[in-house]
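Each remark here refers to the structure printed beneath this line.
The values are calculated or read from the model by the stated rules, or taken from the named source; none is laboratory data. Small disclaimer: the values here were computed from a predicted structure and weren't measured. For neighbour counting, all protein chains shown are included, and Cβ atoms are generated from backbone atoms with ideal geometry for every residue, glycine included.
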Amino acid sequence: MTDASVPVTQSAVESFAERYLRSLGCTIEQRGDTWDVSVPEGADTQSLPDEFTVVCGTESDSPEENTELLHPESRLLHELLDEAVRRTPAGRINLTSESTEIELPEWLRGGDVEVRNAEFAPYYDRSALVVLFRVSIETVSEYQREFLRVVALDARSGESLEGLERNFLRITSFTDDSPSGGQPSLGRENVRGLVDEGQRQVVDRVQDLIDEVHEEASRAADAEVEEFRQMQQQRIRELEERHESLSSKLDESRATIDASEQVERVEALKQRKQIKGKLEELTTELSDLRRRRDQGFPERQKEIRQRHALDVKVSPLTATQVEYERGEVEIELAEEGVIQPLTVGYGIGVGVTDTVQCTVCGREITSQNPLVSIIGEVNCDECH
Ligand SMILES: [Zn+2]
């Protein structure tokens with residue numbers, strides 16, 4: 001598992017929800033993380049009440065009436081997306097350098113190095129397919145988690161475009177006013193192949209989470225099996241006690257028969273027969289229970305384990321073709337009068353596509369190991 005797993009972020013979720021609600025004609029009054037939303041009469045929506053409150057983030061776990069939480073796993077987001085996708089399904093978005101700001105890499109932000117200028121030179125147009133997946137992990141019994149993952153793949157090379165994944169919910173609202181690029185032109189086969197590949201990647205990226213839920217579910221199943229075993233053990237003890245008391249009753253009845261007169265004797269024999277019958281029943285039940293206990297109650301275990309088995313579903317919600325320009329960005333860096341140009345591969349909406357190495361130690365410059373100086377040479381945090 002790498003950190004290539006880009007979850008849908010809270011800010012992207014809020015940006016999408018706001019644009020989508022506004023596209024429906026809703027008015028939104030924002031008070032920090034709380035939005036008061038009014039939906040106009042006749043708005044094209046089935047799932048929203050006339051007025052409601054949105055609380056952003058997961059802080060409040062018991063929302064008040066008429067309040068919806070908004071976060072990547074929230075019911076509201078899933079409903080809005082479902083509706084948006086139904087209204088404007090797979091589309092096409094064109095990203096150009098005119099309409100999209102240049103996104104500087106994380107490793108350039110902060111520090112003493114100043115970015116004087118950044119200029120993008122487009123070399124060619126590329127297509128990407130961005131697929132929004134709904135992932136649900138559930139067990140038949142109780143546990144359920146649902147969340148979204150975005151996968152963006154270059155249509156030709158299959159290269160994973162992390163920046164586009166991060167930006168996707170920001171650049172689309174699945175409404176007619178998204179920067180529209182007309183009809184998708186990627187072939188059906190190509191799209192299918194990319195969606196399949198995206199699905200594989202999502203499963204890969206959420207594998208740790210799947211394992212975690214799996215462990216939780218196994219623990220719950222183990223506890224249930226143990227509880228059942230103890231209950232049955234208790235039942236065995238009860239049956240053993242009853243068996244013992246019936247056995248001594250049977251012994252007593254033998255004594256009564258030996259000492260009785262003719263009439264009483266008939267009655268006593270009848271009773272003895274009854275006790276014997278009960279005792280036999282009990283013996284069978286007990287030995288059956290003991291046998292199943294010694295085998296570990298296989299049927300019951302199977303049933304419990306099945307109930308706690310995981311069901312992982314990764315289903316594509318939408319697939320959007322994104323046309324983007326690819327080329328190079330020349331960044332002019334400055335520090336204490338020293339100016340140093342840096343040219344790196346870049347895609348619009350995708351961000352920097354090259355890795356940059358520290359010229360001193362050769363380590364890759366990343367958000368964890370940012371560029372901290374250009375005096376002398378390009379210096380990373382590790383070796384500066
Ligand atoms: Zn270095």
Pairs with Cβ under 6 Å, 6+ apart, first in the range 118-130 and under 16 Å from THR320 (Cβ atoms), second β-branched (Val, Ile, Thr) and in a strand (DSSP E or B) = ALA128/VAL322; VAL130/THR320; VAL130/VAL322
With ARG300, ARG305, ARG293 as the choices, which residue is under 25 Å from the mean Cα position of the chain (by Cα) and not in a strand (DSSP E or B)?
-> ARG305
Would you check which residues across the range 72-89 are surrounded by fewer than 19 Cβ atoms within 10 Å (Cβ to Cβ) and aliphatic (A, V, I, L, M) and list them?
-> VAL85
Among residues of the range 337-353, those that are modelled with pLDDT of 90 or more, loosely packed, with under 14 Cβ neighbours inside 10 Å and not β-branched (Val, Ile, Thr), counted = 1
Any residue at all in the range 365-375 that is crowded, with 20+ Cβ neighbours inside 10 Å, modelled with pLDDT of 90 or more, in a strand (DSSP E or B) and more than 16 Å from the ligand (Cβ to nearest atom)?
-> no
Kindly establish whether CYS383 is modelled with pLDDT of 90 or more, assigned to a loop (DSSP other than H, G, I, E, B) and near the ligand (Cβ under 9 Å from one of its atoms).
-> no
Could you say whether any residue in the range 240-250 is closer than 16 Å to GLN306 by Cα and of a type in the set (S, T, N, Q)?
-> no
Only one residue in ARG300, ARG307, ARG326 is more than 16 Å from the ligand (Cβ to nearest atom), farther than 30 Å from GLU138 by Cα and touching a residue at least 12 places away in the same chain (Cβ under 8 Å), so which one is that?
-> ARG326
Would you be able to say whether some residue in the range 108-119 is more than 22 Å from THR318 (Cβ to Cβ) and buried (at least 20 other Cβ atoms within 10 Å of the Cβ)?
-> yes
Run ILE275 past the list (1) on the phi > 0 side of the Ramachandran plot; (2) part of a helix (DSSP H, G or I); (3) not polar (S, T, N, Q) and report the number of the one that doesn't hold.
-> (1)
Looking at the range 332-364, which of the residues that are in a strand (DSSP E or B) and among the acidic types (Asp, Glu) is nearest to the ligand (Cβ to nearest atom)?
-> GLU364
Looking at (1) among the polar types (S, T, N, Q); (2) assigned by TED's automatic domain parsing to the domain that holds ASP36; (3) more than 20 Å from the chain's Cα centre (by Cα), which is the one condition that is false for SER97?
-> (2)
Could you pull out the residue among VAL195, VAL225 that is touching a residue at least 40 places away in the same chain (Cβ under 8 Å) and within 30 Å of LEU148 (Cα to Cα)?
-> VAL195
Scan the range 22-35 and report the pairs whose first residue is over 12 Å from VAL54 (Cβ atoms) and whose second residue is assigned to a strand (DSSP E or B) and hydroxyl-bearing (Ser, Thr, Tyr), with Cβ atoms within less than 9 Å and a gap of 6+ or a chain change.
-> THR27/SER38
Among the residues of the range 297-356, count how many are touching a Pro at 6+ places or on another chain (Cβ under 6 Å) and closer than 30 Å to ARG205 by Cα.
-> 4
